[in-house]
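Each reported figure results from applying straightforward, stated rules to the coordinates on display, with no laboratory input. These numbers come from a predicted model, not from an experiment. Glycine also receives a Cβ, built like all others from the backbone with ideal geometry; neighbour counts cover every protein chain displayed.
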Amino acid sequence: MLFFSLGIWMQKTNFDIDKPNKWLNPKLWFIVFLILSVTKTILAFTIPFNGIEIWLLVMHKSVVLSGLICAWYGCNALVRWCMNRSWFIWLSAFSFMIYVLHAPLVVYATKAVFMMFSDWYGYRVLTFILLPLCLIAMAVIFGALLRKLFPKLYSFVTGGRGLG
């Protein structure tokens, strides 16, 4: 609800999302992001839980917000670079397929990988890093095949997104 409400507020107030105000400086928010992330992690793993849970929740939400602001305004050069690459434009056409397929797959795939590789050292970290990449690749391949073999079905499923 936070980001939905924020989007409504931004639209109603004609908030310019392309140009940050002084209080949305990505360098400042990156510092806030780092400090809160490290503090939250240290608290979560070193202090016994006895009333600090609310602080961890508030810190977590603050990390999400500061990371979002930092990424939104701090990655403009990266976005410009990506948007000048034909392969990225082609991949971005499948963003809806990635969105639709990742949610149900990530739950089951994570459990399956955990069961199969639980005796490996660092299997949780490897799963956290590699599984999303594999699921994205599978979603793109599925979307590309569906678009090529059944373009009308693809158009219906995606609401006309990514046909170009």
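Annotations for the structure displayed:
- Pairs over the 32 Å Cα-Cα cut-off, from the set LYS22/LYS61; LYS19/LYS40; LYS12/LYS61; LYS19/LYS148; LYS12/LYS148; LYS19/LYS61: LYS19/LYS148; LYS12/LYS148.
- Additional length obtainable on full extension of the chain from MET1 to PHE156, 0.36 nm per residue less Cα span: 53.0 nm
- Per residue convex hull volume, Cα atoms of the chain, in Å³: 190 Å³
- Taking MET138, MET116, MET97 in turn, the Gaussian network model of the chain (Cα-Cα springs below 10 Å) assigns the largest fluctuation to MET116.
- Ordering TRP87, TRP72, TRP81 from the fewest to the most neighbouring beta carbons within 10 Å gives TRP87, TRP81, TRP72.
- For region 86-158, the fraction of alpha-carbon pairs in successive 10 Å shells from zero, as %: 19, 43, 25, 13, 1
- Region 61-108 - Rg (one decimal) and Dmax (whole number), Cα, Å: 14.1, 36
- D_trans [Stokes-Einstein, Kirkwood Rh over alpha-carbon pairs] for region 1-42, 37 °C, 0.692 mPa s, µm² s⁻¹: 268 µm²/s
- Kyte-Doolittle at least 1.0, axis length at least 20 Å by Cα - qualifying DSSP helices, the chain: 26-46, 53-74, 95-117, 123-149
- Choice from ALA44, ALA144, ALA71 showing the highest fluctuation, given a GNM over the chain with Cα pairs closer than 10 Å: ALA44
- Rounded to the nearest 0.05, the FRET efficiency derived from the C-beta distance between LEU133 and SER86 at R0 = 22 Å is 0.60.
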